[in-house]
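Quick note: the coordinates plus some simple rules give every number you see, no bench work behind them. Just so you know, these numbers come straight off a predicted model, no measurement behind them. When we count neighbours, we look across all protein chains shown, and the Cβ atoms used for this are built from the backbone with ideal geometry, even at glycine.
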Amino acid sequence: MQSSHLPPAFRRAVAYGAGALAAVLTGAALYALPGPADAPHTARIADVAASSVPSAGSATPAGDSPTPSTGSGSGSGTASAACDTSSAPTPGTPSAGPLTSPDIEPATPSDVTSATPSDVTSATPSDVTSATPSATTSAAPSFRGVYAFSGGNTPDLATDPDVAGRSLVYYWAQLEPRPGQYCWNLIDQDMKPWVAAGKKVVLRVSAAGWAKWDTAADSAHGTPAWVYAQGVKSVTEQDGAVMPEYWNQTFESDLDTFLAAFAARYDGDAAVSAVDISLGVGGESKADSEKNPDLLSLWQAVGYTDELWWGYAQHTIGTYTNVFHRTPLALMPDKTFIGGSDGYDENKIVNYAVAKGIWLQDNGVVPGRTLSAPWGRTPVIAEMRGATGDTGDNLADDLRAAVAEHPVLILVFTSDITDADRAVLHQVAATAGTGG
C-alpha cells in the first residue's frame, strides 16, 4: 500500500517519530473501528470532528483563558505561542481579545461573462439566515450590510454605525501549527469585539497566499510545514510564496480533517454570517494568481492538469458541504483553471456551485460590469476589487456596482471606510434589510 493511502494518523506517526506515537495512536483508533471497506470518507471526517473539539456544554478549566499573541499580528510566526487549546470554549462561543495584522490585498478579481448554463434550472438565492445553504425559488435575499475587509483582522471598525461586520482571513498554518493542535483562540479573539458590538463576521481559511498579503500571518506559507513533511510537493512562486500540491491525497486528507474540526467549532455560530469555501491561492478557485509568465510550467512540474484541479475542487467543495450544515458557504470563483483545456473554465465551477445552492462571492466588483447567469441564482457577496487608493476607482461607483449585484453582503476595504466617504457609506448601509 502506498503511504499516501494510509490514514493521516499513521502517516503522521511515521513523519514525526516514536516520540509522538502515543498521541497519534489515540487518533488512529478512530480509523480502526470496523466498517465496510468502502465506507464514505465523510463518516471518518465526522468521527474526527467529534473527537477534536469540546462537546456542547463542556466545562472550561477554572483559571484558564486564551493566551494573546506576543507578536504584532495573528501570523503563523506567532501562532504557536498564541495557540491555546487547553481553554478552548464550547463551539460557537468566542471568548478573547482582538489581534491585529497588516493589510491583506485582494486576490485577482473574477472575470465572469458566461451564458446561462443548461444544467442549472431552478437555483435561486436562499436567505442568509437559513440553516443549510440550498437552492430555492425565493426572491433575492435581504441585504445585510457593509462588512470591513483587509487591514488585518482588527476591531477598529466594530463600533462604526455603518459597518455591519468584518471578513476575517486566516491561513491553515496559523490554525493548525501541529497535527491536531487547533488554535481557535486566534479566531475567537478577533471575533470578540464584533460580537460584543452585536455584529457578525465572515470566516476564510486559506492554504496559500501571496507573500506580501499578510506578512504577520506569513501568507507565503499558508499550508503547515508538517503537511509537506509527509511528502506533499510544493511550488515556490517568484515572490517566494510556497503553494501546495493540492490534489495530493495526503494534503486532501489532512485538510479534510482540519475542516471537520473547523466546522465542529463554528458551524451554526450565530455570529458567523458565512464561511468562504477556500480552494486555491487566497481561498479563490484558482491554484495560483501570480502574474508569472512561467506559471503553467511551474505547476506542471508538480503534475498539475486541469482535470486534477477539477477533481480536487469537487472533493474540497464536497468536504465543506459535508461538514457545514447550518452556516452558509460561499465560493470565490477566479477563472479556476490555468491549463487552458477545452471545457475547463470558470463557468464549470460556477454552475457546479449554484447547482448545489452554494453562495457566490465576487472578489472583484468592477463598475460597469454585469455578472451573467447563473450569478444571482444563489446569494452573492460583493467584494471590492481593491482599495480605491490602489485602483483609482471612486467609492460611490464601486458601491453602486456592488449594489447592482443585489448582494447579501458588501465587503469594503477598510481604508475606504472613512468620514470622507461617510455619506455614500451611510446611504448604502441604510438599505440593510432590503433587497439591496
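With contacts taken as Cα pairs under 8 Å and at least 6 residues apart, the stretch 308-436 reaches a relative contact order of 18 percent.
I'm checking a number: the convex hull volume of the Cα atoms of the stretch 231-387, normalised per residue, in Å³. What is it?
Details: hull volume 21.6 nm³, N = 157.
Looking at the stretch 231-387, the number lands at 138 Å³ per residue.
What is the extension gain from residue 372 to residue 301, computed as 0.36 nm multiplied by their sequence separation minus the C-alpha to C-alpha distance, in nm to one decimal?
22.1 nm
When the convex hull of its Cα atoms is viewed from all sides, the stretch 368-426 shows a mean projected area of 4.0 nm². For the pair the stretch 249-291 / the stretch 325-382, the C-alpha centres are spaced 16 Å from each other. Across the options 339, 299, 321, the greatest Cα extent toward the positive end of the charge dipole of the stretch 253-362 (unit charges at beta carbon of Lys, Arg, Asp, Glu) belongs to 321. Counting Lys and Arg as +1 and Asp and Glu as -1 over every other residue whose Cβ lies under 14 Å from the Cβ of residue 186, the net charge comes to -3.
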